[in-house]
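Please read the structure below before turning to the comments.
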Amino acid sequence: MRYLSTRGDATPRQFCDILLEGLAPDGGLYLPERYPQVDAAELARLRAVHANEGYAALAFEILSRYIDDIPAADLRAICEQTYTAEVFGTREIVPLKQLDDGFYLEALSNGPTLAFKDMAMQLLGHLFEYELGRRGQQLNILGATSGDTGSAAEYAMRGKKGIRVFMLSPHGRMSPFQQAQMFSLQDANIHNIAIEGVFDDCQDIVKAVSNDLAFKARQHIGTVNSINWARLLAQVVYYFAGYFQATSGAGDKVSFTVPSGNFGNICAGHVARMMGLPIKHLVVATNENDVLDEFFRTGVYRVRAAADTLETSSPSMDISKASNFERFIFDLLGRDGAAVRELFGVQLARQGFFDLSEDARFKEAAQRYGFQSGRSTHADRLATIRGVHERHGVTIDTHTADGVKVAGEHRTDVPMIVLETALPIKFAETITEALGHPPERPARFNGIEGLPKRVTVLPADVEQVKAMIVRFGGN
């Protein structure tokens, strides 16, 4: 399997080359040259693998279709090391929880940091350590987080040989629990940087550093954000696992609703659907920062300035530049790298939006790719959290509530699976507002907000971030 850039660079690269690289040299994102296809017979075989051997075996089956430069025995061992009941709390790893007839939550938040990001980040930590050891190299990971990516990355990479993490987050914009998870880590290879701005400022800095190819090479910069194909690939697996749990046989279809700000989580669903997984609809659920909902309704992709990015009670989705969206547009436009480069590299930079409303390919996108969308507000979140708790005795977090609300507007004749994104303790203030009492807190996180914190506050300045990498990067 070879990988190419969404902006046209077709230099042949294998998986382990792009694993450590992040953005392509031309500023694009990597995608495989083709999506391996899964027909009905193969789907039945994968269903049996999942039922008889478990999630780790299913992960190996999916990943091995995209990774052919790691020996199969090693890749299988990495999957088995990653997806264990000890790390994720259950043998099923991502069990379904039925709320109503044909309406499910897929539990993705049982990992070390209580968020779905653990599903990919735990794998990434093992892959990085394996490949760096094989090459005798070191890596400085530069990432941006709006809440959960940061802690998932840091918990996955802490203590890993040859790896240092520089994680940018918007100063004061994460929940107290999210901040405490990250900033309380005292590991010498973990560096938290709070940027005076919003998440998009953090993401812009990561992209600017990644686009400085000389600095990137000199400082051995890699990324764990969902622009990293390996992370997105890991997320494809739980779409298959959810499908197998909600259906019984060949030909059955399901729909997924995914709370999304950066388009990474649902982009993995797009990949699964392109492989042949029988998904009827992929429903994008946004909060008040509704850039993605606006696109799927109108064909206009219009990013917002930092001042216009709202601070909401589902803060991990307070994003107005969906960095993974470029991957879908690449497929939508027939994998035309030049067209994608014009849209994302020129038009967005020059005018802040692009308009595909009159493009015939956009007009057939919903039917061809299955995408639908909707938005949710703070009032919707409170009502949904309250309603799910009253009817089912289940407490959900604010982002999952966005998903449940929007999913209810898009139910059809097939099972609907809402991807749970985090446990409610991460957003205790809003849960208390909705229910009148705080959510349950896992015992291992008692008192976390009171622990000493290691964090450096910096302005939204690329050069100051670079200086910190040089100082602590060990190169």
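The values are calculated or read from the model by the stated rules, or taken from the named source; none is laboratory data. Since the model is a prediction, treat every value here as computed from it, not as a measurement. Cβ atoms come from the backbone with ideal geometry, glycine included; neighbour counts cover every protein chain shown.
What the table below lists for this structure:
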read-out: Long-range neighbours under 6 Å by Cβ, at least six apart or interchain, first residue over 16 Å from GLY150 (Cα atoms) within the stretch 185-214, second hydroxyl-bearing (Ser, Thr, Tyr); value: none
read-out: Strands (runs of 3 or more DSSP E) fully within the stretch 348-436 counting 2 or more residues that are surrounded by fewer than 22 Cβ atoms within 10 Å (Cβ to Cβ), hydrophobic (A, V, I, L, M, F, W, C) and without any contact (Cβ under 8 Å) to a residue 60 or more places away in the chain; value: 353-355
read-out: Candidate set: the stretch 36-59, residues that are over 21 Å from PHE88 (Cβ atoms) and in a loop (DSSP other than H, G, I, E, B); chosen: the one farthest from the chain's Cα centre (by Cα); value: ASP39
read-out: Matching option when the condition is small (Gly, Ala, Ser), on the phi < 0 side of the Ramachandran plot and at pLDDT below 95, among ALA241, ALA246, ALA307; value: ALA307
read-out: Pairs, first within 14 Å of LEU343 (Cβ to Cβ) and part of a loop (DSSP other than H, G, I, E, B) in the stretch 5-18, second acidic (Asp, Glu) and modelled with pLDDT of 95 or more, C-beta under 6 Å, six or more apart; value: THR6/GLU326
read-out: Some residue of the stretch 60-75 being out of contact with any Lys or Arg (no Cβ under 7 Å at 6 or more places or on another chain), under 16 Å from LEU127 (Cα atoms), of a type in the set (Gly, Ala, Ser) and assigned to a helix (DSSP H, G or I); value: yes
read-out: Residue check, PRO112 more than 18 Å from GLU21 (Cβ to Cβ) and out of contact with any Pro (no Cβ under 9 Å at 6 or more places or on another chain); value: yes
read-out: Members of the stretch 439-458 that are part of a helix (DSSP H, G or I) and either surrounded by fewer than 14 Cβ atoms within 10 Å (Cβ to Cβ) or of a type outside the set (A, V, I, L, M, F, W, C) (or both); value: ALA443, ARG444, GLU449, GLY450
read-out: The one condition in (1) among the aliphatic types (A, V, I, L, M); (2) outside any helix (DSSP H, G or I); (3) at pLDDT 95 or above; (4) crowded, with 24+ Cβ neighbours inside 10 Å that ALA272 fails to fulfil; value: (2)
read-out: Residues of the stretch 275-321 satisfying the condition of being farther than 26 Å from ILE385 by Cα and out of contact with any strand residue (DSSP E or B) (no Cβ under 8 Å at 6 or more places or on another chain); value: MET275, GLY276, LEU277, THR298, ARG304, ALA305, ALA306, ALA307, ASP308, LYS321
read-out: Check on VAL236, touching a residue at least 12 places away in the same chain (Cβ under 8 Å), under 17 Å from ASN324 (Cα atoms) and surrounded by 22 or more Cβ atoms within 10 Å (Cβ to Cβ); value: yes
read-out: Any hit, the stretch 254-262, residues being in a helix (DSSP H, G or I) and at pLDDT below 95; value: no
read-out: Count of residues meeting criterion [of a type outside the set (A, V, I, L, M), without any contact (Cβ under 8 Å) to a residue 60 or more places away in the chain and either more than 24 Å from GLU33 (Cα to Cα) or loosely packed, with under 13 Cβ neighbours inside 10 Å (or both)] in the stretch 44-68; value: 4
